[in-house]
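This report concerns only the one structure given below.
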Amino acid sequence: MSDPSTIHVLRLANVDYVTLNRPEVRNAFNEHLIAEMTAWAEGAARDASLRGAVIGGAGKSFCAGADVAWMAKMAGYTREENLRDARAAAAMFAAIDTLPVPVIAQVHGAALGGGAGLAAVADIAVAAEDATFGFTEVKLGLIPAVIAPYVLAKIGLSAARELFITGRRFDAGHAQHIGLVHAVVPAAELIDRVNRYLVEIAANGPEAMREAKALLRKIANRSIADAAPITAEAIADRRVSDEAQKMMKNFLKT
């Protein structure tokens with residue numbers, strides 16, 4: 001169990017429910033929350049019993065980006081101190097991105113800056129209809145830097161250029177339109193839709209899902225010619241695996 005002043009982790013049915021737990025500041029990031037999330041993700045990556053993770057936020061928002069008090073401290077940092085902080089944030093997003101299990105973002109309220117980055121780094125993002133998104137860093141003279149690789153992979157260059165440069169806020173419908181989230185539901189149905197995804201995941205081969213995620217990382221940004229031999233090797237290995245053999249035999253019996 002993690003410190004409830006930063007995050008709260010509950011394990012149910014081999015799924016980690018990770019709640020950003022700073023509702024008084026709309027679950028904004030500071031160095032402590034980043035450290036807690038990184039530690040959780042690194043530990044989860046080593047846990048062979050884990051089957052999935054759901055990331056949500058306590059109170060009225062998912063995550064409103066960077067904590068104002070933390071930003072005030074950063075304003076007085078040297079470049080080296082800022083580089084250390086940025087690298088820590090980058091390590092957190094990388095640790096979540098490389099988790100071998102499916103990660104679901106359960107988004108309500110505000111998801112701004114790094115909060116929108118959390119939605120981008122999740123495999124599946126479900127948003128309440130009234131959720132609000134934005135890459136608002138330019139409004140403060142900053143840029144959405146460490147989240148940029150994940151956002152770009154999710155929504156593409158055209159959408160990223162418009163949203164990064166304007167810093168405008170946008171609704172859940174637009175977030176779904178550009179691919180940042182995968183499902184938009186009334187707020188009262190948010191947990192139910194997440195649970196429906198978890199039911200789908202529970203029916204799958206755990207090893208297969210892990211290797212599917214690993215394969216996507218291997219072939220992302222490769223040409224078809226470069227990716228083809230990697231994919232052929234991957235499916236050949238999977239077909240002869242114990243998990244696939246058992247699951248295919250069970251399927252063929254039905």
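The values are calculated or read from the model by the stated rules, or taken from the named source; none is laboratory data. What you see is a predicted model; the values in this text were computed from it and never measured. Neighbour counts are summed over all protein chains in view; Cβ atoms, including those assigned to glycine, are modelled from backbone coordinates with ideal geometry.
Key figures
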{"read-out": "Pairs, first over 19 Å from Ala89 (Cβ atoms) and among the β-branched types (Val, Ile, Thr) in the stretch 113-136, second modelled with pLDDT under 95 and surrounded by fewer than 24 Cβ atoms within 10 Å (Cβ to Cβ), C-beta under 8 Å, six or more apart", "value": "none"}
{"read-out": "Answer from Asp192, Asp171, Asp242 - the residue that is out of contact with any helix residue (DSSP H, G or I) (no Cβ under 8 Å at 6 or more places or on another chain), of a type in the set (Asp, Glu) and in contact (Cβ under 8 Å) with a residue 40 or more places away in the chain", "value": "Asp171"}
{"read-out": "Residues of the stretch 55-100 classified as touching a residue at least 40 places away in the same chain (Cβ under 8 Å), surrounded by fewer than 18 Cβ atoms within 10 Å (Cβ to Cβ), part of a loop (DSSP other than H, G, I, E, B) and of a type outside the set (Gly, Ala, Ser), total", "value": "2"}
{"read-out": "Residue identified as modelled with pLDDT of 95 or more, exposed (fewer than 14 other Cβ atoms within 10 Å of the Cβ) and on the phi > 0 side of the Ramachandran plot among Asn27, Asn14", "value": "Asn14"}
{"read-out": "Pairs where the first residue, in the stretch 153-164, is on the phi > 0 side of the Ramachandran plot and the second is of a type outside the set (Gly, Ala, Ser), C-beta under 9 Å, 6+ apart", "value": "Gly156/Ile178"}
{"read-out": "Whichever residue in the stretch 239-254 is over 11 Å from Ala208 (Cα atoms) and not charged (D, E, K, R) and, among such residues, is surrounded by the fewest Cβ atoms within 10 Å (Cβ to Cβ)", "value": "Thr254"}
{"read-out": "Some residue of the stretch 102-125 being polar (S, T, N, Q) and exposed (fewer than 15 other Cβ atoms within 10 Å of the Cβ)", "value": "no"}
{"read-out": "For Gln245: the one exception among (1) under 18 Å from the mean Cα position of the chain (by Cα); (2) outside the structural domain of Ile124 (by TED's automatic domain parsing); (3) not basic (Lys, Arg)", "value": "(1)"}
{"read-out": "The one condition in (1) touching a residue at least 12 places away in the same chain (Cβ under 8 Å); (2) of a type outside the set (D, E, K, R); (3) not assigned by TED's automatic domain parsing to the domain that holds Ala86 that Leu180 fails to fulfil", "value": "(3)"}
